[in-house]
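**Student:** For reference, the structure I am asking about is given below.
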């Protein structure tokens with residue numbers, strides 16, 4: 001999707017647009033948006049002076065010229081068919097949001113700045129979607145946001161243009177591993193308190209009766225199948241943060257692994273219980289432990305039974321954390 005483009009405008013200069021934008025940008029960045037800020041509708045700028053290298057590059061035919069340092073860059077370009085704003089927006093198509101300071105005549109959505117000491121009457125130019133002001137008595141048909149409320153302004157922009165992708169709390173039952181621009185992220189748990197957390201998961205692997213018998217009697221060529229699977233489950237629990245992209249590396253307090261053979265159904269049921277005192281739950285660790293234990297059993301027995309089936313891996317119970325106690329009705 002192309003980036004959202006908004007113009008921040010005012011009836012005159014010295015209304016504090018730059019300061020408003022300066023305070024807004026870190027809030028939007030913290031919310032997960034990639035934002036570009038442009039100074040728009042200038043009649044000229046002195047950066048690309050005639051005779052300078054970048055000017056010479058452009059005159060020689062470069063579509064874009066620029067200046068770079070080890071940690072920053074400035075790009076200069078033009079387009080015969082587009083305005084400077086449009087050409088810049090095309091180059092910035094990987095951004096989520098472009099905020100252009102200035103240009104009241106723009107066709108983009110506009111947020112107008114109104115200062116009581118300068119221009120109490122808003123212009124409300126075409127396509128104005130909100131007013132930012134230090135006046136307490138403005139009665140307008142568009143949202144009015146306090147001049148110093150950067151969080152409120154960020155909320156307005158996100159709700160207006162990115163609400164379908166915005167992050168929701170996990171208690172709402174919606175996904176939290178995406179930022180407001182729809183990109184995957186690791187959830188920030190720094191504000192959570194440490195509590196005792198526990199998760200229990202189960203799964204099963206079905207097999208031929210002869211395979212089950214050989215596992216239980218320890219006669220598999222590769223050795224003690226369940227002993228190796230138990231070690232694999234513990235190792236998998238500890239490695240979950242490396243295996244699952246958005247899972248947090250955790251300091252696990254304890255892991256219990258159990259195996260139950262069910263002769264009538266020719267299967268082995270696997271249970272893994274994980275505990276820690278921390279800021280996030282251990283459901284993924286328990287589920288990963290079960291999965292890798294089952295895979296280990298398969299690996300050690302596949303030479304004699306390739307028809308084994310790993311199935312029904314599920315979370316049975318979790319304790320601790322903001323969402324409280326959960327237990328599956330049908331274990």
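**Student:** Tell me the label-point distance for the pair residue 314, residue 86, using the 7 Å Cα-to-Cβ offset, in nm and rounded to one decimal.
**Tutor:** Spacing of the two 7 Å Cα→Cβ label points: 5.8 nm.
**Student:** Connecting C-alpha atoms closer than 10 Å in a GNM of the chain, tell me which of 267, 39, 302 has the biggest fluctuation.
**Tutor:** In this elastic network of the chain, the residue with the biggest mean-square fluctuation among 267, 39, 302 is 302.
**Student:** Write down the Kirkwood hydrodynamic radius of the range 4-172, to one decimal in angstroms, obtained as one divided by the mean of 1/r over all alpha carbon pairs.
**Tutor:** This gives a value of 17.7 Å.
**Student:** In addition: Kindly rank 284-294, 311-321, 118-128 from highest to lowest mean number of other beta carbons found within 10 Å of each residue.
**Tutor:** By packing density, highest mean first, the sequence is 284-294, 311-321, 118-128.
**Student:** Then there's this: On average, how much area does the Cα convex hull of the range 206-255 cover when viewed from any direction, in nm²?
**Tutor:** 4.8
**Student:** Hey, what angle do you get for helix 17-30 against the long axis of the chain, alpha-carbon based, 0 to 90 degrees rounded to 10?
**Tutor:** So the helix axis and the longest Cα principal axis differ by about 10 degrees.
**Student:** With the crude spin-label approximation of a point 7 Å out along Cα→Cβ, what separation in nm comes out for residue 117 versus residue 52?
**Tutor:** 3.3
**Student:** A further question follows. For the chain, what proportion of DSSP beta bridges, expressed in % and rounded to the nearest 5, is antiparallel?
**Tutor:** That works out to approximately 65 percent antiparallel.
**Student:** Let me ask something else about it. Which angle from 0 to 90°, rounded to the nearest 10, does the C-alpha axis of helix 283-301 make with the longest principal axis of the chain?
**Tutor:** Between helix and principal axis, roughly 50 degrees.
**Student:** Remind me, what semi-axes does the range 195-327 give for its equivalent ellipsoid, largest first in whole Å, using sqrt of 5 times each Cα gyration tensor eigenvalue?
**Tutor:** Sorted largest first and rounded, they come to 29, 14, 11 Å.
**Student:** To the nearest 10 degrees, how steeply does helix 225-243 sit against the main Cα axis of the chain, on a 0 to 90 scale?
**Tutor:** Compared with the principal axis, the helix lies near 10 degrees.
**Student:** Antiparallel as a % of all DSSP beta bridges within the range 4-172, to the nearest 5?
**Tutor:** 20
**Student:** GNM on the chain, C-alpha springs below 10 Å: top fluctuator among 71, 137, 264?
**Tutor:** Largest GNM mean-square fluctuation: 71.
**Student:** Distance between Cα centroids, the range 269-309 to the range 225-254: provide it in whole Å.
**Tutor:** Centre-to-centre distance over Cα atoms comes out at 9 Å.
**Student:** Additional query: Under 15 Å from a point 7 Å along the Cα-to-Cβ line of residue 213: which residues of the range 288-317 have their amide N that close?
**Tutor:** 305
**Student:** Report the calculated FRET efficiency for residue 30 and residue 93 (r = Cβ-Cβ distance, R0 = 25 Å), to the nearest 0.05.
**Tutor:** Efficiency, from the Cβ-Cβ distance: 0.65.
**Student:** Tell me, how many Å apart are the Cα centres for the range 186-201 and for the range 77-139?
**Tutor:** About 42 Å separates the Cα centre of the range 186-201 from the one of the range 77-139.
**Student:** Moving on. Among 26, 70, 50, which one shows the biggest mean-square fluctuation in a GNM of the chain, springs joining Cα atoms closer than 10 Å?
**Tutor:** Answer for the Gaussian network model of the chain: 70.
**Student:** Give me the one-decimal nm value for the distance between modelled label points at residue 262 and residue 137, 7 Å along each residue's Cα-to-Cβ direction.
**Tutor:** 7.6
**Student:** Just need the relative contact order of the chain here, percent rounded to a whole number, with Cα pairs under 8 Å and 6+ apart.
**Tutor:** So the answer I get is 17 percent.
Readers should treat all values here as calculations from the given coordinates under stated rules, not as data from a laboratory. Everything quoted here is computed from the prediction, not taken from an experiment. Here Cβ is always computed from backbone atoms with ideal geometry, including for glycine, and neighbour counts include all displayed protein chains.
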